[in-house]
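A quick write-up on the structure given underneath.
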Amino acid sequence: MTTFRSLKLEMRDTVAILTLARPERRNAIDEDTVMEIGRFFADPPAEARVVVLNSEGDHFCAGLDLEEHARLRRTPAQFMRMCQKWHWAFDQIQYGGLPVIAALRGAVVGGGLELAAACHTRVAEPSTFFALPEGQRAIFTGGGATVRVGRIIGPGRMVDMMLAARTYDAARGLDLGLCHEIVAPGAGLERAIAIAEAAAKHAPLSNYAMVTAIGRINDMSTTDGLFAESLMAGIVQSGPEVAAGLDAFLSKKSSRLEPKD
């Protein structure tokens, strides 16, 4: 099994729980950590069907490790290449083919918000807060916020969030789409695992289509998006689980859909 310096991995049947393990740094991301994240999602365990992204300590992730950044004094070209490593790593999360459920608590700021925004479902505890403090550090976002966070809350609100140095609590984050639900204190991981276990029961090809196609289709024109949707639907329709799913529905063995959160 792959060994990590800054991450911990636990398998629960087909759910992989990947934990950021730098609590003494509020799980800030240095260059080694971002590469470990990218390598894990580029080549996850074969038995994994869903990933839960968790963290040790009171905070999900405080973003870029500013101590390392100050020590290395990267040139503009070096910093640009580092940003591209973040882009690569977070693309493995968003488009790697496995659903990723994030369990958020405490700080989800800067690069931590960029990391969370690459995940497909975000469960927040009441302690969660969101911010993009790069302007206060005399730097700019480099891990994909202008794309991912900007698309979640809108570019105008993102500009305001940074200029006004706004910090959003969990409730406001839910309103804006930065998280998808809020649970009781200490219940974030448990709820994220429950969502993951439910998603793991889906046909893998159906999950793959959800997490790789929808985001890309939203980048397309209407006509191109509709065409891409039909192609993906045709591919998923050929999956081996389709017949069993239809049989369960037609024989009324599948559960009835009811309104729920």
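Is one or more of the residues making up the range 56-68 within 15 Å of L18 (Cβ to Cβ), in contact with a Phe, Trp or Tyr (Cβ under 7 Å, 6 or more places away or on another chain) and at pLDDT 95 or above?
No, the range 56-68 contains no residue that is within 15 Å of L18 (Cβ to Cβ), in contact with a Phe, Trp or Tyr (Cβ under 7 Å, 6 or more places away or on another chain) and at pLDDT 95 or above.
For the range 203-220, which positions are modelled with pLDDT under 95, in a helix (DSSP H, G or I) and hydrophobic (A, V, I, L, M, F, W, C)?
Passing the criteria: only L205.
Only one residue in A165, A184 is farther than 25 Å from I93 by Cα, touching a helix residue (DSSP H, G or I) at 6+ places or on another chain (Cβ under 7 Å), outside any helix (DSSP H, G or I) and not basic (K, R). Which one? Before the answer, list the steps.
Working: A184 fails: touching a helix residue (DSSP H, G or I) at 6+ places or on another chain (Cβ under 7 Å).
Checking each option against the conditions leaves just A165.
Mind listing just one residue for me: the one in the range 69-112 that is in contact with a Gly (Cβ under 9 Å, 6 or more places away or on another chain), hydrophobic (A, V, I, L, M, F, W, C) and over 30 Å from P126 (Cα atoms) and, of those, surrounded by the fewest Cβ atoms within 10 Å (Cβ to Cβ)?
Step by step, filter the range 69-112, then rank; the result is M80.
Checking the conditions here, which among V123, V100 is among the hydrophobic types (A, V, I, L, M, F, W, C), in contact (Cβ under 8 Å) with a residue 60 or more places away in the chain and within 22 Å of D32 (Cα to Cα)?
Working: V123 fails: within 22 Å of D32 (Cα to Cα).
Answer to the check: V100.
Is it the case that N27 is among the polar types (S, T, N, Q), touching a Cys at 6+ places or on another chain (Cβ under 9 Å) and surrounded by 21 or more Cβ atoms within 10 Å (Cβ to Cβ)? Walk me through how you get there before you give the answer.
On the way: among the polar types (S, T, N, Q): yes; touching a Cys at 6+ places or on another chain (Cβ under 9 Å): yes; surrounded by 21 or more Cβ atoms within 10 Å (Cβ to Cβ): yes.
Against the criterion (among the polar types (S, T, N, Q), touching a Cys at 6+ places or on another chain (Cβ under 9 Å) and surrounded by 21 or more Cβ atoms within 10 Å (Cβ to Cβ)), N27 qualifies.
Those residues that are over 16 Å from the mean Cα position of the chain (by Cα) and of a type in the set (V, I, T), I need them from the range 7-21; list them, please. Walk me through it before giving the result.
Here is the first cut: in the range 7-21, the ones over 16 Å from the mean Cα position of the chain (by Cα) are 8-14, 21.
Residue satisfying the conditions is T14 alone.
The values are calculated or read from the model by the stated rules, or taken from the named source; none is laboratory data. In this text the structure is predicted, and so the values were computed from the model without any measurement. Reconstructed Cβ throughout: ideal geometry from the backbone, glycine too, with neighbour counts over all protein chains shown.
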